[in-house]
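Colleague: The structure follows.
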Amino acid sequence: MTGTNRLLFWGALGAGALALRLVGLGSSPLSSSEAVTAWPALVAALPEGGLPGPVPGSALLATLQWIAFGMLGAGDVLARVPGALLGAALAVLPACLERTWGQAPARSLGLLLVLDPTLLGIARSAEGFGVGVFLAALLLTLLLQEDTRLHRLAAPVAGLLLVSGFEAWSLLPIVAIAALVAGRWRAPTRRDQALVAAFALLGATGLLVVPEFAGAVSASLTAWLHAWDAPSAWPRVSALLRTDLPVVVLAAAGALWTSPGRGRRGAATLVAATWALVAPVSRREPEPALLALALLPSAAVGLAWLYERATTGRATVQRLALGAGAVVTVGLVLRAVSVSQVAVGNRGLARLAADVATLSAQRTPDRQEIPVVVPERADPALLWALRRIATTTVARLPADAAARPFVIASREPVLEGYFGHAYGAEPGSVVLWVPR
């Protein structure tokens, strides 16, 4: 394939990845797991500050969001854009592996990275996992390059990966094992160690401007260590089968079809190593996404095998391989489209914020907002939903406040002189208490 066709292929793949990750990105509000990072980033970006929030889920993502919010303002879409852009960039990384791994497996891997429903869901959320996956893949890609000059870039990437969140502590050993299997591991020099430390510090502290973000690093390591005491991960394999069945089938085919040369045996070995390493630590909701990631290299080999058999061999084999490849590809496309339309946030909180703004405007003709009081340890998704209301304050029981504020609390206790409206029918749903 000529250089022009190669550029067209990877360009089309990148455009498709961008479309799947960006279209409808703001169709649902941020969930609690997303707002736990977005809210501290917004507070740091506001000149006047804001309500104190929890420790971010990812120091590096909080830094990226802090930069984006400071330049362009805050919103659901903008909070998710860093992960979506890095997810699209992840899909074209295999272009760098065509020479060392082979054209067909590398391009099959690119197609899987675009369509895999697990990766697509990760990329469309404002969580640190998507950032960590991209950095881990970039680090491994750099280490697998034949040009050793590119290995110098691995240290800065490793530093950023260290502060990307909870999943980084699982991804780093996977990269190390893969580099050892490929024979590309080398002991880090003092220069490498200094670069790792410098970039980790910059990523964890908002370029040294927001040192509060650094608490996320120790918190993520503590959470990861506690995950080892969690129940066994193996029951979640059934969830993996429901989510990524085409990938599992392709991975099985790729692991069985191994031969010397073209990296196929190395891919199967890599899958076995990563599966064994990842299984004990992928015990966190949602489905074991790390297990799915471990399958992708072998799945790419399986998909490449199907497409090669569709163009070579006997006519019957060609038809069977072409049909199987088409079924798998169409299944992945349909699953990817459905994942891109899934709503993840709490729409009730968005309605609550809209109602507060409307009622405040009705009760104060001079457009002066009525204070809104939230619990001391409020859900970060609630704080994010109320981000446009400047008069939001924190208190325990605000019924005695002279301003007669709106109160957001649980169903109990009932406040004297207020009437309440619940947002959500499940236990623990919030209630907006409005003065009579």
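The values are calculated or read from the model by the stated rules, or taken from the named source; none is laboratory data. Not measured: the values here are computed from a predicted model. Positions of Cβ are backbone-derived with ideal geometry, glycine not excepted, and every protein chain shown enters the neighbour counts.
Colleague: Going through 88, 95 one at a time, which residue ends up being closer than 20 Å to residue 123 by Cβ, out of contact with any Phe, Trp or Tyr (no Cβ under 7 Å at 6 or more places or on another chain) and either outside any helix (DSSP H, G or I) or of a type in the set (A, V, I, L, M, F, W, C) (or both)?
Modeller: 88
Colleague: Does region 163-208 hold any residues that are assigned to a loop (DSSP other than H, G, I, E, B) and without any contact (Cβ under 8 Å) to a residue 40 or more places away in the chain, and which are they?
Modeller: Correct list: 183, 186, 187, 188, 189, 208.
Colleague: Being closer than 13 Å to residue 384 by Cα, in the same structural domain as residue 124 (by TED's automatic domain parsing) and surrounded by fewer than 24 Cβ atoms within 10 Å (Cβ to Cβ) narrows it down to one of 31, 27, so name that one.
Modeller: Result: 31 is the single residue among 31, 27 that is closer than 13 Å to residue 384 by Cα, in the same structural domain as residue 124 (by TED's automatic domain parsing) and surrounded by fewer than 24 Cβ atoms within 10 Å (Cβ to Cβ).
Colleague: What about residue 105, is it buried (at least 24 other Cβ atoms within 10 Å of the Cβ) and assigned to a helix (DSSP H, G or I)?
Modeller: yes
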